[in-house]
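Chemist: I have a structure I would like to understand better, so I am pasting it below and will then ask my questions one at a time.
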Amino acid sequence: MNPIARFAAPLLCFCLLTPIVGHSQTAGDVQLPIIDYQTRFLPVVAQQGMVASPEKLAAEIGLDILKRGGNAVDAAVATGFALAVTYPRAGNLGGGGFMLIHLADGNRQTLVDYRETAPAAASRDMFLNATGDIDRMREYFSHQSAGVPGTVAGLIHALETYGTMRLKDVLKPAIELAERGLPVSFALNYEIAARAERLRMNPEAARLFFKPDGSQHEIGETWQQKDLAWTLKQISKRGREGFYEGKVAARIVAEMKAGDGLITLADLAGYRAVERSPLRGTFHEFDIVSTPPPSSGGVHIVQMLNILESYPLKAMGHNSAAYLHHLTESMKLAYADRSEYLGDPDFVEVPVARLIAKDYAQQRRQLINSSTATPATEIAPGRPVPPESSDTTHYTVADSEGNVVSNTYTLNFSFGSHIAVPGTGMLLNNEMADFAAKAGTSNAFSLMHGEANSIAGGKRPLSSMSPTMVFRDGKPWLATGSPGGSLIITTVLQTILNAMVFDMNIATAAAGARVHHQWMPDKLRVEQGISPDTIDLLQGMGHEVEVGNRTLGRTQSIVLHDGWLFGATDTRRPGGWVAGY
Ligand code: DON
């Protein structure tokens, strides 16, 4: 079928179906061709530029940058700073992340790693108490939870290296929103309410997120963030020094001293975003470009695709018991390897090339029994050696020149450590909890971690963040990513499989019910939408299935096809938006 026919519909049909799409927006004045009533979910369609974001105001800010002639990197940086204002649960200045960039000029890709680093004074056993047990409160919700923030360095690095606009111009909309205030949306009100108890425990967070009488801002009321505007202005005036040195840095360090934290002026001044070669793999005719260590995402997405490549997935049928069984078994194998081999490549040797080798996948595939679930306890990390010699958020941007940006960044938990730095409007991340507080134990996402991910000063904690692009005929075709901690990797995997194998349009690919297995605990989590019959069959194969009403991940995706942009915000959470023109 003509791909446009599959993706598009006339405006009337679009408007009628908008409630089904939920949070997507109109296609502006784009001429939408040919009716296809088979289309279950309609992506937003545009031609010139697009931003798929977890929040509307930030998406519109990014789109405005594109309309003013900025490229996808300019728009991504503006959206990143704007989300720090409009989406405080995960948008941030005090966190870190990964930006995957496709540059049309030269048809090449690069990855900006702006993951937080452990402060120099951090040490292997810093979260253990006198009896050798992990002090979870200190790991999750203390000043020591915070890694040295990377977001400001990363966004500025991307802008200066690949953008076209001045920093002050991409920062201006975020500064104005923080200063003038923004109307509290349903989603913002809901997100703050969900974390109100813990936010109120920190006096500065309580001052920032609640009214002087302690009550919450109602939906529609204006919420101003003067301190955050001040911090953004310091960055606007002085670039990275405006954050990593001078008054902002002094305020961060003063708060660290007051709260027994570890970050020093030297840690801040020494922080560097680094560029890395993206992780590359193939799946049938598709090229996969994703996030390398210190994220585990790309390695395991490619590893699972390698394992799955030789099965007749399409014939099995989307979300059939046979399909989900093979998917699940590949997940167990990948997450077992994650627990052993993945960490910061600047500190430990990660056998990336072996883990993503087709022959290693072939070897590991032998462990999959086609009709019975292998208990996690019977799966150990593989031996891909000998060693080679040698509430996160995601948004995606595409511009008219063919540049694409896929960015995932985070404070780790929703609202990070829930501790704000007085006078900056900024929350501290709790990314130190992504390290192994104790080798052989699991973290907040129940992920098992080994020595490769132990704590050391200057080291980056292992991440699951996986901004990913799929290329077809050498051109970018699909860009996506997700929050969700350990769920990120399997969410991205299923989204791209839905599009690559099952030929779904991007909105349908995003909406399809997902499953998740991470080796340990030995449980298969399934979303609502997997049929009871299928669950019965999976249980019959030996899977311990956990059906809950919690959703898995939240993608923001764009497909590029024949000069069209098709965007989809995941309907699992409120507030997402695709802005296009
Ligand atoms: O880097 C990681 O893998 C985690 N810090 C991500 C946390 C996350 O996705 C939380 N969002 N729901």
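Chemist: Here is a check on your reading of the model: is Y311 among the aromatic types (F, W, Y) and open to solvent by less than 30 Å² (accessible area, probe 1.4 Å)?
Modeler: So Y311 fails the test.
Chemist: Examine the stretch 441-451 for a residue that is aliphatic (A, V, I, L, M) and either modelled with pLDDT of 95 or more or closer than 15 Å to T291 by Cα (or both), and state whether such a residue exists.
Modeler: No, there is no match, as no residue in the stretch 441-451 is aliphatic (A, V, I, L, M) and either modelled with pLDDT of 95 or more or closer than 15 Å to T291 by Cα (or both).
Chemist: Looking only at the stretch 89-108, filter to residues that are open to solvent by 10 Å² or more (accessible area, probe 1.4 Å) and either touching an Asp or Glu at 6+ places or on another chain (Cβ under 7 Å) or at positive phi (or both); which one of those is nearest to the ligand (Cβ to nearest atom)?
Modeler: R89
Chemist: Has the stretch 404-413 got at least one residue that is in contact with a helix residue (DSSP H, G or I) (Cβ under 8 Å, 6 or more places away or on another chain), over 19 Å from G484 (Cβ atoms), at pLDDT 95 or above and away from the ligand (no atom under 11 Å from the Cβ)?
Modeler: yes
Chemist: Within 16 Å of the ligand (Cβ to nearest atom) and either within 26 Å of G97 (Cα to Cα) or at pLDDT 95 or above (or both) - does that describe any residue in the stretch 522-536?
Modeler: Yes - at least one qualifying residue is present in the stretch 522-536.
Chemist: To continue, here is another question. Restrict the check to the stretch 337-346 and report whether at least one residue is over 30 Å from F243 (Cβ atoms) and out of contact with any His (no Cβ under 8 Å at 6 or more places or on another chain).
Modeler: Within the stretch 337-346, one or more residues are over 30 Å from F243 (Cβ atoms) and out of contact with any His (no Cβ under 8 Å at 6 or more places or on another chain).
Chemist: Mind listing whichever residues of the stretch 252-282 are among the charged types (D, E, K, R) and surrounded by fewer than 22 Cβ atoms within 10 Å (Cβ to Cβ)?
Modeler: Matches in the stretch 252-282: K257, D260, R272, E275, R276, R280.
Chemist: Just checking, which of M465, M432 is within 14 Å of the ligand (Cβ to nearest atom), farther than 20 Å from A568 by Cβ and under 18 Å from the mean Cα position of the chain (by Cα)?
Modeler: M432
Chemist: Here's another thing I want to ask about it. Can you find even one residue in the stretch 242-251 that is at pLDDT 95 or above, under 29 Å from V526 (Cβ atoms) and of a type in the set (S, T, Y)?
Modeler: Scanning the stretch 242-251, I find no residue that is at pLDDT 95 or above, under 29 Å from V526 (Cβ atoms) and of a type in the set (S, T, Y), so the answer is no.
Chemist: Right, something else. Only one of these is surrounded by fewer than 24 Cβ atoms within 10 Å (Cβ to Cβ) and either more than 21 Å from the chain's Cα centre (by Cα) or modelled with pLDDT under 95 (or both): L42, L66, L32. Name it.
Modeler: L32
Chemist: Given the conditions (1) among the aromatic types (F, W, Y); (2) open to solvent by 10 Å² or more (accessible area, probe 1.4 Å); (3) at pLDDT 95 or above, report the number of the one that F435 does not fulfil.
Modeler: Failed condition: (2).
Chemist: Considering T396, T392, T374, T328, which residue is over 24 Å from E116 (Cα atoms) and either under 26 Å from the mean Cα position of the chain (by Cα) or not β-branched (V, I, T) (or both)?
Modeler: None of the other options fit; the residue is T328.
Chemist: Would you check which residues across the stretch 161-185 are at negative phi, in contact with a Ser or Thr (Cβ under 8 Å, 6 or more places away or on another chain), open to solvent by less than 40 Å² (accessible area, probe 1.4 Å) and not in a helix (DSSP H, G or I) and list them?
Modeler: Within the stretch 161-185, L182, V184 qualify.
Chemist: So, one more: Please specify each residue of the stretch 217-238 satisfying the condition of being open to solvent by less than 60 Å² (accessible area, probe 1.4 Å), outside any helix (DSSP H, G or I) and touching a Phe, Trp or Tyr at 6+ places or on another chain (Cβ under 6 Å).
Modeler: Within the stretch 217-238, H217 is the sole residue that qualifies.
Chemist: Quick check on this structure: which one of S400, S454, S482 is among the small types (G, A, S) and within 16 Å of the ligand (Cβ to nearest atom)?
Modeler: S482
Chemist: Now for a different question. Condition first: surrounded by fewer than 17 Cβ atoms within 10 Å (Cβ to Cβ) and closer than 22 Å to Q362 by Cβ. Now tell me which residues in the stretch 314-327 satisfy that.
Modeler: K314, A315
Residue-by-condition table, conditions (1) at pLDDT 95 or above; (2) under 21 Å from T291 (Cα atoms); (3) charged (D, E, K, R); (4) open to solvent by 20 Å² or more (accessible area, probe 1.4 Å):
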residue: Q38; (1), (2), (3), (4): no, no, no, yes
residue: G49; (1), (2), (3), (4): yes, no, no, no
residue: D74; (1), (2), (3), (4): yes, yes, yes, no
residue: R124; (1), (2), (3), (4): yes, no, yes, yes
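Chemist: Please determine, by comparing only the residues of the stretch 536-546 that are in a helix (DSSP H, G or I) and closer than 20 Å to I368 by Cβ, which one is least open to solvent (accessible area, probe 1.4 Å).
Modeler: It comes out as L538.
Chemist: Follow-up. Quick check on the stretch 522-530. Is at least one of its residues within 19 Å of M316 (Cα to Cα) and open to solvent by 10 Å² or more (accessible area, probe 1.4 Å)?
Modeler: yes
Chemist: Residue check, R364 against (1) open to solvent by 10 Å² or more (accessible area, probe 1.4 Å); (2) in contact with an Asp or Glu (Cβ under 7 Å, 6 or more places away or on another chain), all met but one. Which one?
Modeler: (2)
Chemist: Answer yes or no: is there a residue in the stretch 494-508 that is under 28 Å from G91 (Cα atoms), open to solvent by 10 Å² or more (accessible area, probe 1.4 Å), assigned to a helix (DSSP H, G or I) and within 12 Å of the ligand (Cβ to nearest atom).
Modeler: no
Chemist: Next question. Does at least one position in the stretch 559-569 carry a residue that is surrounded by fewer than 17 Cβ atoms within 10 Å (Cβ to Cβ) and under 20 Å from the mean Cα position of the chain (by Cα)?
Modeler: Within the stretch 559-569, none of the residues are surrounded by fewer than 17 Cβ atoms within 10 Å (Cβ to Cβ) and under 20 Å from the mean Cα position of the chain (by Cα).
Chemist: Now, a different point. State whether one or more residues within the stretch 133-149 are hydroxyl-bearing (S, T, Y) and open to solvent by 20 Å² or more (accessible area, probe 1.4 Å).
Modeler: yes
The values are calculated or read from the model by the stated rules, or taken from the named source; none is laboratory data. All values derive from a computational prediction rather than experimental measurement. For neighbour counting, all protein chains shown are included, and Cβ atoms are generated from backbone atoms with ideal geometry for every residue, glycine included. Remember, those area values only see protein heavy atoms, side chains included, never the ligands or the DNA or RNA. Shrake-Rupley method; radii C 1.70, N 1.55, O 1.52, S 1.80 Å.
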